[in-house]
Amino acid sequence: MSNNWDAIIVGGGHNGLVCAAYLAKAGRRVLVLERRHVLGGAAVSEEVFPGFTYSVCSYVVSLLRPSIVRDLELAKHGYQTIPLECSFSPLPDGDSLCRWSDGDRTRREIARFSKRDAELYPEYGKAMGQLAAFAKPVIDAPAPKPESLDPRELISLLRLGGRLRDLPTDLRELELKLMTMSAADFLDEWFESDVLKAPMSVSGIIGTFLGVRSPGTAYVLLHHYMGEIDGAFRSWGFAKGGTGAISNAIASSARSHGAEIRTEAPVHKILVEGGEAKGVVLQNGDELRARTVISGCDPRLTFFGFVGREHLPTDFVRDIERYKLRGSSGKVNLALDRAPQFASRPEPGPHLRGDIAIAPSVDYLERAYEQAKYGEFSTRPYINAVVPSMVDPSVAPPGKHVLSCFVQYAPYHIEGGPESWEQKREAFGDTVIDTLAETIPDIREIILHRQVLTPWDLEQEFGLSEGNIFHGELSPEQLAFLRPASGWARYKTPVRKLWMCASGTHPGGGIMGAPGALAAKEMLRSRAL
Amino acid sequence: MAAGTLAETWARGARLLPFRAMPIPTPFHPRTSEACSSLFWKEWAGYHAVRSYDTCHEREYYALRHAAVAIDVSPLFKVDVRGPQAADFLSFVTVRSLRKLGLGRVTYLCWCDDDGKVLDDGTVMRLGEQHYRITSADPGYFWLARHARRFDVELEDVSGQIASLAVQGPTSRDLLQSVCADDLSELGFFRSMQTRLGNLECLITRTGYTGDLGFELWLPATSAVELWDTLFRAGGPFGLLPAGLDALDVSRVEAGFILLGIDYMSARRCLAEHQKSTPTDIGLERCVQLEREPFLGQAALLAERERGPAWNMAGLVIDWEQLETLFEAEGLPPSLPTAAWRGGLPVYADGRQVGRATSGVFSPTLKQNLAIGQIEAAYGQLGRVLEIEATVEHKRHRVAATVTNRPFYDPPHKRS
Ligand SMILES: Cc1cc2nc3c(=O)[nH]c(=O)nc-3n(C[C@H](O)[C@H](O)[C@H](O)COP(=O)(O)OP(=O)(O)OC[C@H]3O[C@@H](n4cnc5c(N)ncnc54)[C@H](O)[C@@H]3O)c2cc1C
C-alpha cells in the first residue's frame, strides 16, 4: 500500500501542489506530505483570531501563471483575484501620494509633487513593460543550460539572445543598467521627486538583504511589471479568501485528478540508498516509498535537512552553502475594529483598496537598511500594508478589517543570534505599530488582535530557512541557470530520483506556480516517472 | 419625498430638452446619476442606463464576482397576467406549460411565432393563484393582448410602474438579509417572495443575468429611491457597489447567457428568413415542452425535431497561446479590450464558414478568451476544434476555438 506511489512530494506549499496537480493530471500516483495542519506554506490563510482570516505570509498575487489557472481549471476550484486599485503612500507631514490604475488620475497626483515626473511616469511604465515582455518567455520556460550542446537548448538560448538583439538600442541600454545599477540610482535617472521614487524603489529590495542604494537591486524592479503582460492585464491583486485560497484551489484541482494530500505529516528525512532517492521517513518513524521524491521545500532544508551532506558531491555542498538566504523581513497581521484612518485621507475611500507603502523617502529606506546591516531591526521600517477586507468582505466580520503589514528590515541574523528573536518579537511588533501611528494616529485604539512573525518564526513555523521569503534571494547571481546551483537548474538534483519543484528553482519565488509546473513538465518529458 | 425627487428629475429633463422625450430617466435615476462620475451612459429601451460608474467597468465586475452590486434593470418590459385562465394563456403563447408552475416559482423560457421562430426570451413568475408576471427584453404587450382574446385573462403593462434592481454577487444574500424581515435562506433558486426590505414592500426573486448568487427586486417606481438608499446604507460591510451594463455584460458572457438583438434577432424584427432562429438554434431547447396541448409554433417545432436541428448555440474557448503568438509576431504583448464585444466574428472549419460568434469577452476570472455563437449542428459537438477570426494590428488571422459547455463559469454558490 505504501510503496506504490510514482512520486512523493515533500511540502504542501503552492509549488508542491501545482507539481502534484500536473503529475496527477498526467495519470501519475502522487502523494503530498505537508508538515503543518493547513496547506499552502507561505501562501496560506488562517483564522488566527475568530472571525478574521489572515493571509499569514504572502498577501498579494501577481505572477501566478495564467496558463496554470487554465490548465488546472482553478476558477472552477474557487480561485479568484481582485486587482489592486492603487498604490498609496501616506507621508508623515500629512500629505500623501496615490498612484491609481487610471493613468490620468495618477498624472494629476504626481504633478502635485513634480510636473516633470508626472509626464515621464507613463514613459517609464512603457519601457519597463517592454523589457518585462522580453523577460517573460524566460519565466515560462525552464532555464536554458548555457553549457549544453543539446541543439534544443542552443536554440532556446539563441532565441533569447536574438530577442535581446531585437530590442531597440535604448532598451538594450536600459536592460544593462537594470542588471547593474541600484534601484535608487536607476530611478534617479528618470525622476526627481523623492515622494515618487521611494515607494517605487522598494520593489527592488523586497525579500533581499540589500538596500535601495545597493547595486543589482534595479533588476528586481522589473518583476513588478511582469504580471501585467500575460493575459492578466493587471499587475497585482488580492486573492479572494486570502492567498491560502489559491493553495486550496490548487489542492482541490490536484485531488480531482487523484492526488492524495496529507497534512500534519512532517517528513524527517529523504531515504537515499545507493545514491538514489527511495522514499521518505516521517517524523513518527513511518517509512513511505515511491519511485521518485520531489522536494517542495527550499534547497538548504532539502539537501542539508532531509538528504544529508554525506549523499552529495562536495562541489554541490559548497554551492548550496554559498546560496544566499539571509531573511530580512517580518510580517505583522492586525485585526481592526474599523477601517484605518490615515491623517492625510481619513475617509475609508478607494485609496484603501490597493497597497499602502510606508516609504516616505529614499533616505528613510536606506537608514532602515543601515540598522539591519549591523544586526538590528529597523526602528522605522519600510512597511507594505494592505486592507484586503476593503474589497473582500469574506475575510473579516461586517465593518471590521484586516490590516496586513509586510515589514522590512528584520534581519534573521540579529544581534544575539536568531534565537534571540523570541525575546525581541513584541518589541518588533511595537515598532511596527509606532511606525504606523505616524500616519494612522489612532491605530492603537482600534487593534483587536495582532500577530507578529519574525524571520525566526518564518523558519521555525513555515520551514523557510533563515526566514527567506523566496527560498533564496532573487539577485541576478541566483537566477535562471544558477538557481539554486550551476548545473542543477533543471529541477534535477545530484541524488538520482530526487527532484526539486519550489521557489529555490527557476524562475524563483513569489506566488507564481511556475517552478512547480515546469518541474512536473520536465519530469514527464524526461520520463522520470 | 422619493416621488418628489423623481418628478423633479423628470421636470428638469423636460425643461432642458423640451422637444426630446428620449431617452428618459429610470426610477433610480436620481441616485444612479449622482453616482455615475464617468458620465458613461447608453440607451436601453428608451431609458438612460449607466454603462459604468467609473471610467472603466473593472471595479464593478470584480465587486459582482466577489462581493455584491446593484444594477438598475428597470427598462425590462413587464406584463401582468391575471384571471382564471392565466396559466392556460401563458402555456399557449410560450414554449412551456405553466399549468404546474407552483406559487412563488419563476421560470425562464422563450416564445415563438407560428413558424416556431423565437420572438423573445424572459421569465414568468407566478405571484398569486391567478396572477403571473412575464418579463422581456422587447415590448410585447400588444402581441400578448392579440392572443389573449379567447382566454379569460386581464393583461396589464406594468413596465413603467415597477422599478427593478438586480442585486447580484456572493454577498448579496447577506446584504439583503440585513435589511429583510423574512429568512432569505428559505428563498431557493428561481423562487420569489413578497417581503419587506427596510420599510418597503418588495417582491424578491432569486434570479439574475450574471451566473452568480443573486436576486432581483421589484417594487413600485415611486419607492425606487428609498430602496436604493436602504441598500446602500447597509451595503458598506458587504462591499456593495452600483454596477452598470458593461460589468453585467462581462458576467453574462461568462455565464453563457444569450442576449436578444445580439446573439439572436427577434423574428418580429428580421428582414430575411435566415436571420430568424428556433429555440434549438439558440440553445433554448431545454425550455421547450413539445408534447402537450397546442401552443404557438408547436407544429413547426415538431417538424424541426423530425428534421434535426440546423444550428447549435455553442460556447467557444479561443486558444490563448495562438493569439499570443500573433501579437508576438507584431512585437507586442497580447492585449484585448476589457469590455465584452458584440460585433460578430465568422467561425470556420474545413476551409469554409460554419458559424458566427456573436458575443465574447476575455474572462478575468477564468483567464480565458470566450465567445458565444451559432455553429452548424454538424460542427457543434463538445470538444470540436474550429477556427475563429482574430484581428491583430488590423490584420486578419484565424485561431483555434474549442466548442465548450456553457456556462463557462458556474460557481457553486449560485445555487447554494
Ligand atoms: C511574509 C511573506 C510575505 C510574502 N509576500 C508575498 C506576496 O505578497 N506576493 C508573492 O507573490 N509572494 C510573497 N511571498 C513569497 C511567496 O509566498 C513564496 O515565495 C511562495 O509562497 C513559496 O511557495 P513554495 O511552494 O515554493 O514554498 P513554500 O510555500 O515555502 O512551501 C514549502 C512547504 O513545505 C512545508 N514543509 C516544511 N518542512 C516540512 C517537512 N519537514 N515535512 C513536510 N512539509 C514540510 C512547509 O510547511 C510548506 O508548506 C511572501 C513570503 C513571505 C514569507
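The values are calculated or read from the model by the stated rules, or taken from the named source; none is laboratory data. Keep in mind that this is a model prediction, so the values were computed, not measured. Positions of Cβ are backbone-derived with ideal geometry, glycine not excepted, and every protein chain shown enters the neighbour counts. The accessibility values were calculated without ligands, DNA or RNA, using every heavy atom of the protein model including side chains. Shrake-Rupley method; radii C 1.70, N 1.55, O 1.52, S 1.80 Å.
For the reader, a short list of remarks on this structure follows.
- Residue identified as within 15 Å of the ligand (Cβ to nearest atom) and more than 14 Å from chain B (Cβ to nearest Cβ) among A:L474, A:L448: A:L474
- Residue list for segment A:255-284, filter: open to solvent by 20 Å² or more (accessible area, probe 1.4 Å), more than 14 Å from every other protein chain (Cβ to nearest Cβ), more than 14 Å from the ligand (Cβ to nearest atom) and outside any strand (DSSP E or B): A:R255, A:H257, A:G258, A:G274, A:G275
- A:S2 meets the conditions (1) within 15 Å of the ligand (Cβ to nearest atom); (2) hydroxyl-bearing (S, T, Y); (3) at pLDDT below 95 in every case but one. The failed one is (1).
- Some residue of segment B:374-393 being within 14 Å of another protein chain (Cβ to nearest Cβ) and farther than 24 Å from B:G261 by Cα: no
- Residue pairs meeting the criteria (Cβ under 9 Å; at least 6 apart or on separate chains; first more than 14 Å from chain B (Cβ to nearest Cβ) and more than 11 Å from A:L171 (Cβ to Cβ), in segment A:120-132; second outside any helix (DSSP H, G or I) and open to solvent by 20 Å² or more (accessible area, probe 1.4 Å)): A:L120/A:W190; A:Y121/A:R99; A:Y121/A:W190; A:E123/A:W190; A:Y124/A:W190
- Qualifying positions in segment A:487-523 - assigned to a loop (DSSP other than H, G, I, E, B) and within 10 Å of the ligand (Cβ to nearest atom): A:C501, A:A502, A:S503, A:G504, A:T505, A:G508, A:G509, A:G510, A:I511, A:M512, A:G513
- Screening segment B:331-348 for residues that are within 12 Å of chain A (Cβ to nearest Cβ) and open to solvent by 50 Å² or more (accessible area, probe 1.4 Å) and picking the one that is farthest from B:V361 (Cα to Cα) gives B:G331.
- When segment A:10-32 is limited to residues that are over 16 Å from the mean Cα position of the chain (by Cα), buried (at least 24 other Cβ atoms within 10 Å of the Cβ) and assigned to a strand (DSSP E or B), the one that is farthest from the ligand (Cβ to nearest atom) turns out to be A:V30.
For every residue, the table says whether it meets (1) closer than 28 Å to A:I440 by Cα; (2) open to solvent by 10 Å² or more (accessible area, probe 1.4 Å).
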| position | (1), (2) |
| --- | --- |
| A:I8 | no, no |
| A:V38 | no, yes |
| A:G41 | no, yes |
| A:F49 | yes, yes |
| A:S58 | yes, yes |
| A:R65 | no, no |
| A:V69 | no, no |
| A:C98 | yes, no |
| A:D104 | yes, yes |
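- Positions within segment A:292-329 being more than 16 Å from the ligand (Cβ to nearest atom) and either in contact with a His (Cβ under 9 Å, 6 or more places away or on another chain) or in contact (Cβ under 8 Å) with a residue 12 or more places away in the chain (or both), in sequence order: A:T292, A:H311, A:L312, A:P313, A:F316, A:V317, A:D319, A:I320
- Test result for A:Q460, within 13 Å of the ligand (Cβ to nearest atom), modelled with pLDDT of 95 or more and part of a helix (DSSP H, G or I): yes
- Those residues of segment A:55-76 which are more than 12 Å from A:I250 (Cβ to Cβ), out of contact with any Gly (no Cβ under 7 Å at 6 or more places or on another chain) and within 15 Å of the ligand (Cβ to nearest atom), in sequence order: A:V56, A:C57, A:S58, A:Y59
- Listing of helices (runs of 4 or more DSSP H) fully contained in segment B:27-111 that carry 3 or more residues being under 30 Å from A:V395 (Cβ atoms) and within 14 Å of chain A (Cβ to nearest Cβ): B:58-66
- Each residue in segment A:475-498 was checked for being surrounded by 24 or more Cβ atoms within 10 Å (Cβ to Cβ) and either touching a helix residue (DSSP H, G or I) at 6+ places or on another chain (Cβ under 6 Å) or at pLDDT below 95 (or both), and 3 of them qualify.
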